[in-house]
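*Asks:* Sharing a structure, written as structure tokens. Questions coming.
FYI, it's all coordinate maths here, none of it is from the lab. Note that the structure is predicted; figures quoted are calculated from it, not measured. Neighbour counts run over all protein chains shown; Cβ positions are idealised from the backbone, glycine included.
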Amino acid sequence: MQTNFDFDEWMALASNAPDEFDRRRRLAIEQLIYDGNVNVRQMQGLQFRIDMERVRARRPLKGCLRISELMWSQFLHFRDAMNTAAFLVSHPMRKCGSTDREIKNVIPFPSNGRAFGSSLKRHLTTGNTGETG
């Protein structure tokens, strides 16, 4: 994978030899997709969408704006998915048909990472079933 990028070289290539610029650009993108630790089919699909936005735009600036909109759309979709997952983790749902008594019998684990720490041992040795009265 190419790690050194010379902007001036690529700019000169785009100005003086656009076909060669496009060939090298496609080669660099393919190399990044195949050499990276990514889902190749997903990245190829994303690159196809980017290429189609460039073709549809007909002008470079409009293509840049379309690709920017695509990136923001994907980012917002990802952010919403992450927020939903975080909400579901922090607000677990009850199983259908469970009663409040069944919910009280759930043993809460400490949040400090000691899943089988002293609070669970204390619970087991005192015979506390979680029932009241």
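*Asks:* Which whole-Hz ³J(HN,Hα) couplings does segment 20-28 yield from phi under the Karplus relation 6.51 cos²θ - 1.76 cosθ + 1.60, θ = phi - 60°, glycine and proline marked x?
*Replies:* In residue order, the calculated couplings are 5, 4, 5, 4, 5, 4, 4, 5, 5 Hz.
*Asks:* Residues with beta-carbon under 12 Å from that of Ile50, excluding Ile50: net charge, scoring Lys, Arg +1 and Asp, Glu -1?
*Replies:* For residues surrounding Ile50, the net value is +3.
*Asks:* At R0 = 41 Å, how high is the FRET efficiency between Val89 and Asp19 if r is their beta carbon distance? Nearest 0.05 is fine.
*Replies:* 0.20
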